[in-house]
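The structure appears right after this line, and notes come after that.
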Amino acid sequence: MRAKRFFLGIIILILAILLVSTKLEIISFQFKFWTIVLTVLFIFLLVQGMVYRRISQSVFSIALLVILYAKELGIERLGTWTIILAAFLVSAGLSMIFKSFGKNRKWYWNWKHKISSLETDTSEKKIKINESMSSSVRYIKANNLEQVAIDARLASLKVYFDNVQIEGNEANIFINGSLSEIILFFPKEWKISVNINSVLSEVNTAQEEGNVFEKKIYLSGNLNLAELKIKYI
């Protein structure tokens, strides 16, 4: 709690300094209010990531700051997706490097990875999956599934639906993803209908033609700086 108050205090002080500096023209950049707010937020995430030794959080905080100030830095030609992809690669590379030294070394940065099994009883029809700043694999088991809600923020999430029975012939999956990679694994016999609102995101829904579809999945939701992949097993 003390650490949280400390960070919030730092954010408020930085916000005040930037606002006053902009009005007095002490700094050359002309900041808009929301630019200042986002700057403070990303700096907060960066400091938090470094304090708690979270590689991905730190790298993506820097990437978001670079995207926010691409024009001022003269790197607009790189493009948002190039910066995001570079952040993914840097994050993955640093994670492998630091993990190779072992968890007991002081320079090891923690990035939560958990393999969890989400099982439901025969009466359960609606499932919620929430992931934040973690890497997770979920195995869903249900006998009469109707609806799944997935919320992923700064996460890498894999969800397997191969042990699921659907109530009737169709089910709904809603996804809300931000700065995340989401991979869904479905049986080949399921037809996936996708209606995703995406902002600077990528959706890969390739499905083999000629399959005989027994069930239909309606996939909807919102993606912001995220990637959604659908694979069949």
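Positive end of the dipole of the stretch 134-233, charges at C-beta (+1 Lys, Arg; -1 Asp, Glu), about the Cα centre: which of SER134, SER220, LEU184 has its Cα farthest in that direction?
SER134
Over the stretch 133-187, with the other protein chains present, what is the accessible area per residue in square angstrom, probe 1.4 angstrom?
36
Can you pull out the GluC sites (Glu not before Pro) in the stretch 159-233 that DSSP calls coil and that have at most 14 other Cβ atoms within 10 Å?
GLU167, GLU189, GLU208, GLU209, GLU214
Can you sort PHE213, PHE42 by solvent-accessible area, 1.4 Å probe, largest first?
Greatest to least solvent exposure: PHE213, PHE42.
The values are calculated or read from the model by the stated rules, or taken from the named source; none is laboratory data. Just so we're clear, the structure is a prediction, and the values are computed from it rather than from any experiment. Note: ideal-geometry Cβ built from the backbone for every residue, glycine included; neighbour counts use all protein chains shown. Just so you know, the surface numbers come from the protein's heavy atoms only, side chains and all, with ligands and any DNA or RNA stripped out. Shrake-Rupley method; radii C 1.70, N 1.55, O 1.52, S 1.80 Å.
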